[in-house]
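Below you'll find the structure, written out as structure tokens, and then a few comments.
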Amino acid sequence: MNDTLINKTDDEPEKRQMYVLEETGFNEVPKKFRRFYRKWGGPSETLAPNEVVCPVCKIVIRSMQELRVGDKVYCMPCMSRLIVEEENGLLVARVNY
Ligand SMILES: [Zn+2]
């Protein structure tokens, strides 16, 4: 009975909020992946808790769940592997070497 190991994430103090993603017209990746990316409106734009800006190509990467520090995300438009970090209370992505 190894089921307890699989259910370990249920012990997280807070459940992550899930998001339904819709296409926003971003067309630089195959259609199947378009809803995971969108163009960034610039520094004045407030990002949703499931969004983070790619520091390389300045595209917004969208996750189906709320992002947290330590999450790994992939930017398909520029093929960067990124890790989520916190900076001044905001989530930012850094290139994960
Ligand atoms: Zn990128």
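The values are calculated or read from the model by the stated rules, or taken from the named source; none is laboratory data. Not measured: the values here are computed from a predicted model. When we count neighbours, we look across all protein chains shown, and the Cβ atoms used for this are built from the backbone with ideal geometry, even at glycine.
Results, tabulated for the structure shown:
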| read-out | value |
| --- | --- |
| Residue match in the stretch 21-37 (condition: within 18 Å of LEU90 (Cα to Cα) and of a type in the set (Gly, Ala, Ser)) | no |
| Pairs, first closer than 15 Å to TYR74 by Cα in the stretch 29-46, second exposed (fewer than 15 other Cβ atoms within 10 Å of the Cβ) and of a type in the set (S, T, N, Q), C-beta under 8 Å, six or more apart | ARG34/THR24; ARG34/ASN27; ARG35/THR24; ARG38/THR24 |
| Residue count for the stretch 61-83, restricted to those that are assigned to a strand (DSSP E or B), among the hydrophobic types (A, V, I, L, M, F, W, C) and closer than 17 Å to MET18 by Cα | 2 |
| Which listed residue is hydroxyl-bearing (Ser, Thr, Tyr), assigned to a loop (DSSP other than H, G, I, E, B) and at pLDDT below 95, from THR4, THR24, THR9 | THR24 |
| Residue satisfying all of: in the stretch 74-92; of a type in the set (Val, Ile, Thr) and closer than 20 Å to GLY41 by Cα; farthest from the chain's Cα centre (by Cα) among these | VAL92 |
| Long-range neighbours under 9 Å by Cβ, at least six apart or interchain, first residue more than 16 Å from the ligand (Cβ to nearest atom) within the stretch 53-78, second small (Gly, Ala, Ser) | GLU66/ALA48 |
| Single residue of the stretch 55-97 satisfying the filter (in contact with an Asp or Glu (Cβ under 6 Å, 6 or more places away or on another chain) and not β-branched (Val, Ile, Thr)) that is surrounded by the fewest Cβ atoms within 10 Å (Cβ to Cβ) | ARG94 |
